[in-house]
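All remarks here apply to the structure that follows.
Quick note: the coordinates plus some simple rules give every number you see, no bench work behind them. None of these values were measured; they are calculated from a predicted model. Cβ placement follows ideal geometry from the backbone for every residue including glycine, while neighbour counts extend to all protein chains displayed.
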Amino acid sequence: MRLIAPVKAPLLNLVDIDGQRVVVGGPGRRTLLCFFRDAACPFCNFRIYELTEHYAALSALGLDIVAVFTSTPQDVRRFVARQRRPFRIVADPTSRAHTIYRIERSFWRKLKGIFTRVPTLIKGLRIVGLAGLNTTNIMPADFLIDEGGGIVEAYYGSDAGDHIAFERIELFLARGLIARASAVPAKPSGEERARQLVHR
């Protein structure tokens, strides 16, 4: 059964492929938590390329990105991380994190992605080669998590190549900026300061 927002994000204590601790679900920066299929998945590798391209702008707006793959660290380094990525990448070969976040499996939705996303499939195969033709039935999912560790949006992919739109991520960040700005007390204008001095 899917996680439905708004809900507290299940706490994950992970280790990325560089051996650094990654905690998701506690207080911190706004986070995009991406669950991917295996490291050779062409759709996944193309999405990692897109996230890499957008990362500087998203990070400047206060977003952390954590990408979790159901593969060994060796396979993640071989495919996804053979180029340096600016965000955290986690290998989850036992699918423990995937299970906690209720990531789905579907052979038919995998086929749907293959037949309906041919241009993306081809772009991804250019990255991973023929190894990308032998992938699992795990479906992708993306979670937008706020500073307090709450899931604001849970997006379960409708097929093997379906991820949350960048417009949704940007809207999530814009709402966070507005909330932070409204929490800061406004400085009184010169006229208001003069009135306050007169009434003292």
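Brief remarks on what is shown
- Burial ranking of peptide ranges 174-181, 60-67 (average Cβ count within 10 Å, highest at the top): 60-67, 174-181
- 5 Å-binned pair-distance histogram of the chain (Cα, whole percent): 1, 7, 15, 19, 19, 14, 8, 4, 3, 2, 2, 2, 2, 1, 0, 0
- Simple Cβ-charge dipole of the stretch 39-161, Lys/Arg +1 and Asp/Glu -1, about Cα centre, in debye nearest 20: 620 debye
- Rounded to 5, the percent of DSSP beta bridges in the stretch 1-92 classed as antiparallel: 35 percent
- Computed from label points 7 Å out along Cα-Cβ, the spacing between A5 and A183 is 1.7 nm.
- The chain: relative contact order as a whole-number percent, Cα under 8 Å and 6+ apart: 29 percent
- Leading residue at positive end of dipole, the chain (Cβ point charges), from L133, V22, I164: V22
- Environment charge of G26, counting only residues whose C-beta is closer than 14 Å and scoring Lys/Arg +1, Asp/Glu -1: +1
- Paramagnetic label zone (point 7 Å from Cα along Cα-to-C-beta, R29; backbone N under 17 Å) in the stretch 133-164: 143-150
- Inter-label distance, nm, simple model (7 Å from Cα along the C-beta direction), L130/I100: 3.9 nm
- Across the stretch 45-80, the residues whose backbone nitrogen lies under 19 Å from the label position 7 Å along the beta-carbon direction of E170 are 47-65.
- Rounded to 5, percent antiparallel among DSSP beta bridges of the stretch 7-198: 65 percent
- Cross-link reach is defined here as a Cα-Cα straight distance under 19 Å, omitting same-chain residues fewer than 8 places apart; for K110 the aspartates and glutamates meeting it are D38, D142, D159, D162.
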